[in-house]
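Reviewing the structure listed below.
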Amino acid sequence: MQFQKLHGLGNDFAIFDNRDGAIKEETKNALSLRLCHRRTGIGGDGVILVENSESCDICMRIFNSDGSEAEMCGNGVRCFVKYVYDNGIVKKESFSVETLAGPMLADLTVKDGVCTHVRVNMGKPFFNRKDIPVVGEGECQLQEMTVLDRTFTYSTILLGVPHTVVFVDDVLGFEWEKYGEIIERNTDLFPRKTNVNFAQVLDSENVLVRTYERGCGPTLACGTGSSSVAVCCARAGKTGRKVNIHLELGCLNIEWAEDDNVFMTGPAAFAYCGDVEI
């Protein structure tokens, strides 16, 4: 079966057109686990399936590299949008995408018939612990947690998926991957686990971020994570509502609009295509 490999600032996905249902429901989790292995499979942070939708222009299903299904993915949805546009599946420069986190509206930047950048309405963040979920009552903003030998200040929100933003002074000055793995798997606090974003505020418009993604591990970029960082930083008074999130391979522009919707703008790029046995 044919696939294309796309990435959003290094966050990479194998994308399949599954509108005919060739990939059966009962095989999707195991398929992603097998194909995402970076030595024995295609390699990737996830597998994305293009499926038909009754409520939107098109439907996106995304499965993490550990086989679990995610509600949505910010970088993934940009790659998905580029794939369906460039392949003529949805030939509109603004269209809706059905996800498990709800409908997403995407606006495309097209050059010479090819989608280069996508602006996505990521929806509105939720702050109540029960919605995220986080154990306890009320909101989970600017709390403290001790992990191994360090005490962190953090906030957790739901923006499609649960994201914990850990505020640090020097994101590159410690083994953030080690601490991210422990926080992600702390189901005593986060019953559905959590994505973990280590954020270093550079100034009111720029934040340096590294992400330990739920179900994937350390990743080069995370769109929902970058969006969540922007919201948590603005809510804590550390930045304004428009910020540049600096990742390992580039930058995402995030705006938390006055109507509470979060808009993410960034690139999506084609890597290669191939065939794989399903």
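Within the shell defined by Cβ-Cβ distances under 14 Å, the residues around residue 63 carry a net charge of -4, with Lys and Arg each +1 and Asp and Glu each -1. With 23 Å as the limit on Cα-Cα distance, the pairs of 124/242; 5/91; 92/242; 5/111 that go past it are 92/242. Karplus-derived 3J(HN,Hα) values for segment 263-274, using 6.51 cos²θ - 1.76 cosθ + 1.60 with θ = phi - 60°, are 10, 10, 10, x, x, 9, 9, 7, 9, 6, 10, x Hz; glycine and proline are entered as x. Suppose only helical runs count, i.e. DSSP H with n ≥ 4. What mean residue ellipticity at 222 nm does that imply for the chain under -39500 (n - 2.57) per run, divided by all residues and rounded to the nearest 500 deg cm²/dmol? Theoretical 222 nm ellipticity from helices: -4500 deg cm²/dmol. Mean separation of Cα pairs under 8 Å and 6 or more residues apart, divided by the residue count, gives segment 30-182 a relative contact order of 14 percent. Over segment 165-221, Cα pairs under 8 Å with separation of 6+ residues give a relative contact order of 35 percent.
Listed by chain and number, the lysines placed with their C-alpha closer than 17 angstrom to that of residue 130 are 193; residues fewer than eight positions away on the same chain are left out. Based on C-alpha pairs under 8 angstrom that are at least 6 apart in sequence, segment 79-148 has a relative contact order of 19 percent.
Only aspartates and glutamates eight or more places from residue 24 in sequence, or on another chain, were considered; those with a Cα closer than 16 Å are 51, 69, 277. The loop-placed GluC sites (Glu not before Pro) in segment 77-161, going by DSSP, that have at most 10 neighbouring Cβ atoms within 10 Å of their Cβ come out as 137.
Assign one of three labels to segment 23-130, namely rounded, prolate or oblate, based on the Cα gyration tensor with a ≥ b ≥ c the square roots of its eigenvalues; rounded applies when a/c is under 1.5, prolate when it is not and a/b is larger than b/c, and oblate otherwise. It comes out oblate by the Cα gyration axes. For the chain, a Kirkwood hydrodynamic radius built from all Cα pairs, placed in the Stokes-Einstein relation at 37 °C and 0.692 mPa s, yields a translational diffusion coefficient of 176 µm²/s. Phi angles across segment 135-149 convert, under the Karplus curve 6.51 cos²θ - 1.76 cosθ + 1.60 with θ = phi - 60°, into 3J(HN,Hα) values of 5, x, 10, x, 8, 10, 10, 6, 8, 10, 9, 9, 10, 6, 9 Hz, Gly and Pro given as x. Segment 155-205 and segment 220-241 have Cα centres separated by 11 Å. Solvent-accessible area of the chain (1.4 angstrom probe, protein heavy atoms only): carbon and sulfur portion equals 46 percent. In segment 19-98, taking the dipole from charged Cβ atoms about the Cα centre, the farthest positive-side position among 22, 41, 76 is held by 41. Restricting segment 146-203 to GluC sites (Glu not before Pro) that sit in a DSSP loop and have at most 15 other Cβ atoms within 10 Å of their own Cβ leaves 175. For segment 94-237, the square roots a ≥ b ≥ c of the C-alpha gyration tensor eigenvalues yield an a/c of 1.5 or more together with a/b exceeding b/c, which makes the shape prolate. With Cα atoms defining each centre, segment 40-82 and segment 5-39 are spaced 7 Å apart in the structure.
Judged by the gyration tensor of its Cα atoms, with axes a ≥ b ≥ c, segment 130-195 is prolate; a/c meets the 1.5 cut and a/b is the larger of a/b and b/c. Neighbours of residue 99, meaning other residues whose beta-carbon lies under 13 angstrom from its beta-carbon, give a summed charge of -3 when Lys and Arg score +1 and Asp and Glu score -1.
When Lys and Arg each count +1 and Asp and Glu each count -1, what net charge do the other residues less than 11 Å away from residue 116, Cβ to Cβ, add up to? With Lys, Arg at +1 and Asp, Glu at -1, the neighbours total +1.
The values are calculated or read from the model by the stated rules, or taken from the named source; none is laboratory data. From a predicted model like this one, the values you see are computed outputs, not experimental measurements. Note that we place each Cβ from the backbone using ideal geometry, even for glycine, and neighbour counts take in every protein chain shown. Please note that ligands, DNA and RNA were not included when accessible areas were found on the heavy atoms of the full protein model with its side chains. Shrake-Rupley method; radii C 1.70, N 1.55, O 1.52, S 1.80 Å.
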